[in-house]
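Step one of this worksheet: look at the structure below.
The values are calculated or read from the model by the stated rules, or taken from the named source; none is laboratory data. No experiment lies behind these values; they were computed from the predicted model shown. Every residue, glycine among them, receives a Cβ derived from its backbone with ideal geometry; neighbour counts consider all protein chains shown. Areas reflect the complete protein model, heavy atoms only, side chains present, ligands, DNA and RNA absent. Shrake-Rupley method; radii C 1.70, N 1.55, O 1.52, S 1.80 Å.
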Amino acid sequence: MKHIIGFWLIALAIVFISFSPTADLSAHRSQLKAPTSTIALKKPSFLLKKKPDNRFNDIVLTIMQPDRGGQVRGCLLGMTKKQVQSLEVSAELFSQRDTQLIYNVILEQDTDHIDFADIIYTFNDEDELKSIVVEYYLKLETAASNVYNIHLESFNNRYGQFSGVDANGFALWNATGFRGKAFQVKLKDVSRPGDAGVKIEYSLQ
């Protein structure tokens with residue numbers, strides 16, 4: 001009789017475990033596949049560290065010249081090389097190739113350092129401006145941080161809240177511009193110890 005009671009107690013225990021939530025959850029976890037490696041667009045809170053210091057607005061205004069319209073210094077993606085050359089009159093032409101123009105703007109200079117920016121215009125084989133890259137080279141990381149935050153706030157106002165961050169840490173915006181052409185804007189504070197800077201990329205899609 002004891003053997004029969006023991007058998008039924010064991011059977012009831014097995015049934016209880018098999019239908020318990022904990023056992024079911026464990027079985028479910030064991031069947032989950034490892035996540036695939038994809039680049040997820042995300043919106044981390046660190047992108048806008050603090051309200052930008054407006055004392056650095058002059059740096060941004062000098063380089064971008066928003067009062068002239070366009071995306072950068074009156075220029076728009078989709079323009080021809082000749083159109084860009086006619087608009088880019090205040091910066092120094094640093095380098096010129098068939099499909100590229102590089103201009104340089106000095107912001108501030110002292111005995112041991114120069115704050116400056118390069119503006120790089122690249123054209124495709126159809127003589128169409130396909131990308132504009134702005135690279136700030138600054139002495140102080142605080143200057144780079146503020147220039148970055150001024151641009152971040154400006155782009156959010158102009159193109160809407162940024163859509164995510166790419167694999168290289170650039171904040172992204174997607175928009176439509178000249179002649180209905182879709183383009184993307186990317187922004188990153190690229191500062192390293194002793195080497196502060198901000199990089200902006202506009203590119204046709």
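Select the helices (runs of 4 or more DSSP H) contained entirely in the stretch 14-96, then report the ones holding at least 1 residues which are modelled with pLDDT under 70.
Where helices (runs of 4 or more DSSP H) fall fully within the stretch 14-96 and carry at least 1 residues being modelled with pLDDT under 70, they are 21-31.
Looking only at the stretch 190-205, which residues are assigned to a loop (DSSP other than H, G, I, E, B) and modelled with pLDDT of 95 or more?
Initial filter on the stretch 190-205 (assigned to a loop (DSSP other than H, G, I, E, B)): 190-191, 193-194, 205.
Listed by number, the residues that qualify are V190, S191.
Taking the conditions exactly as written (in contact with a helix residue (DSSP H, G or I) (Cβ under 7 Å, 6 or more places away or on another chain), open to solvent by less than 50 Å² (accessible area, probe 1.4 Å), touching a residue at least 24 places away in the same chain (Cβ under 8 Å) and assigned to a strand (DSSP E or B)), does L187 satisfy them or not? First the steps, then the outcome.
Details: in contact with a helix residue (DSSP H, G or I) (Cβ under 7 Å, 6 or more places away or on another chain): yes; open to solvent by less than 50 Å² (accessible area, probe 1.4 Å): yes; touching a residue at least 24 places away in the same chain (Cβ under 8 Å): yes; assigned to a strand (DSSP E or B): yes.
Spelling it out, L187 is indeed in contact with a helix residue (DSSP H, G or I) (Cβ under 7 Å, 6 or more places away or on another chain), open to solvent by less than 50 Å² (accessible area, probe 1.4 Å), touching a residue at least 24 places away in the same chain (Cβ under 8 Å) and assigned to a strand (DSSP E or B).
Looking at the stretch 130-170, which of its residues are in a loop (DSSP other than H, G, I, E, B), on the phi < 0 side of the Ramachandran plot and under 16 Å from the mean Cα position of the chain (by Cα)?
Of everything in the stretch 130-170, those that are in a loop (DSSP other than H, G, I, E, B), on the phi < 0 side of the Ramachandran plot and under 16 Å from the mean Cα position of the chain (by Cα) turn out to be Q161, F162, S163, D166, A167, N168, F170.
Output the residues belonging to the stretch 125-144 that are surrounded by fewer than 19 Cβ atoms within 10 Å (Cβ to Cβ) and in contact with a helix residue (DSSP H, G or I) (Cβ under 6 Å, 6 or more places away or on another chain).
Residue satisfying the conditions is D127 alone.
Consider D127 carefully, then state whether it is at pLDDT 95 or above and assigned to a loop (DSSP other than H, G, I, E, B).
Yes: the conditions hold for D127.
I need the full set of residues from the stretch 171-184 which are open to solvent by 40 Å² or more (accessible area, probe 1.4 Å) and part of a strand (DSSP E or B), in order please.
N174, T176, A182
Looking only at the stretch 101-124, how many residues end up being part of a loop (DSSP other than H, G, I, E, B) and open to solvent by less than 40 Å² (accessible area, probe 1.4 Å)?
Total meeting the criteria: 1.
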